[in-house]
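These notes are about the structure you will find just below.
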Amino acid sequence: MSDIKKVKVLILGSGPAGYTAAIYAARADLRPVMYTGMEMGGQLTTTTEVENYPGFPEMIDGPKLMEDMRKQAERFDTEINFGVATSVDFSKRPFKVIVDESQEVEAEAVIIATGATAQYLGLESETRLKGNGVSGCATCDGFFYKGKDVAVVGGGDTAAEEATYLANLCKKVYMIVRRDEFRASKAMQNRVFKTKNIEILWNTNTMEVLGDKVVNGVLLKNNKTGEESTIKVDGFFLAIGHKPNTSIFKEYLQLDEAGYIKTIPGSSRTQVEGVFASGDVQDKIYRQAVTAAGSGCMAAIDAERWLGDQ
Ligand code: NDP
């Protein structure tokens, strides 16, 4: 282990929540130190055009938006380090966080902004076409498929919500559901059933996403009959769940049944005083860059006030 690093406000994660927390904490003179996590810039670095982040009337590239957020955080003297928190001890203060299994950090306050990871099927074709027709977020990318045919994989609330959202924009939406029933709530199911341009493909697995440079179809297999078929689509949306990046915190923080950190309603406070959570790691409903940024701001303000009370 190297020397213990002592910091006032430690921020874990470098998505919109982390960078916004850093900007606010730095401007409050809290000299924040950030560890970026494995994917510097977070989920937005895997998208292309972002059209729904206010302030960019044309659009901005996801990676560019995140680079600009990083620069803004650095301008106010946030110390940004590449590194992944590998374990924590929140049982006493100062809190202890181990980065990359080697660097021990002691922090008076911790802002967790480690995000969530969209689940993918794990097909080679899906990875290859990510950002070129394959997407993990209909609200982010649906607009690019206006008037086209698309497919959504999954049968939960997210899939139902994304399919109905896409149905408003697209000509036709296929829902690829692996069982003969939805997991989604009855209300969401009804919304899907009532939407004329959604076709549900029950008992269906995705074998391959088709296309050379961009998606042009999906190879499917009915898991009851074994029959293979192809649908022609321009977009392929994954909605098979997200995994919040919370495994190292579960011993200390309350998580909900899906693993998201529970915060005290209307705040970013967790049940451990001095530990705050913001962004997708505590939000399974909205999951937008702008809501993550807003909650990063809340975490920095909550941390500042809490430190001030100590
Ligand atoms: P869920 O875990 O609820 O659903 C995942 C869906 O994807 C299921 O239908 C599942 O199938 C399917 N699936 C999982 N893995 C695969 C795979 N490898 N291949 C094919 N299909 C697969 O995730 P959601 O993201 O939908 O929801 C997460 C939580 O967030 C839920 O509690 C949900 O209620 C909540 N939520 C609430 C919303 C709201 O209130 N407005 C909006 C969105 C989410 P199977 O059923 O067979 O396991």
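Remarks
- Length-normalised contact order of the chain in % [C-alpha pairs under 8 Å, at least 6 apart]: 21
- In a reduced charge model with +1 at each Lys and Arg Cβ and -1 at each Asp and Glu Cβ, the chain shows a dipole moment near 760 debye about its Cα centre.
- Under Karplus coefficients 6.51, -1.76 and 1.60, residue-wise ³J(HN,Hα) of segment 257-265 in Hz, glycine/proline x: 5, 9, x, 7, 5, 8, 10, 6, x
- Taking Cβ separations below 4.7 Å as the criterion for a possible disulfide partner, the isolated cysteines in the chain are C170, C297.
- Placing pseudo-labels 7 Å out from each Cα toward the beta carbon at R305 and S87 gives an inter-label distance of 3.5 nm.
- Hz values of 3J(HN,Hα) by residue in segment 298-310 - Karplus curve (6.51, -1.76, 1.60), Gly and Pro given as x: 4, 5, 5, 5, 4, 5, 4, 5, 5, 4, x, 7, 7
- Relative contact order, whole percent, for segment 120-238 stands at 31, derived from Cα pairs under 8 Å and 6 or more residues apart.
- Rounded to the nearest whole Hz, the Karplus-based 3J(HN,Hα) values (6.51 cos²θ - 1.76 cosθ + 1.60, θ = phi - 60°) of segment 13-23 follow the sequence x, 10, x, x, 5, x, 5, 5, 4, 5, 4, with x at glycine and proline.
- Centroid-to-centroid separation of segment 103-118 and segment 123-160 [C-alpha atoms, Å]: 30
- Residue among S247, S135, S268 with the largest mean-square fluctuation in a Gaussian network model of the chain, springs linking Cα atoms under 10 Å: S247
- For the chain, with +1 on Lys and Arg beta carbons and -1 on Asp and Glu, the positive-most of A163, V272, L12 along the dipole: A163
- Per residue Cα convex hull volume in Å³ - calculated over segment 120-238: 89
- Spin-label pair D256-Y286: with each label point 7 Å from Cα along the Cα-Cβ axis, the two points sit 1.4 nm from one another.
- Once both labels are positioned 7 Å from their Cα atoms along Cα-to-Cβ, the gap between L169 and W202 label points is 2.9 nm.
- The stretch between E51 and T225 holds 58.5 nm of extra length on full extension. This uses 0.36 nm per residue minus the Cα-Cα distance.
- Take 177-183, 28-34, 14-20, 277-283 and order them by the average number of nearby Cβ atoms within 10 Å per residue, most first; the result is 14-20, 277-283, 28-34, 177-183.
- Kirkwood Rh, Cα atoms: Rg over Rh of the chain: 1.02
Any read-out appearing in this document is the output of simple, stated calculations on the displayed coordinates, not a laboratory observation. Remember, predicted model here, so these are calculated numbers, not experimental data. Note that we place each Cβ from the backbone using ideal geometry, even for glycine, and neighbour counts take in every protein chain shown.
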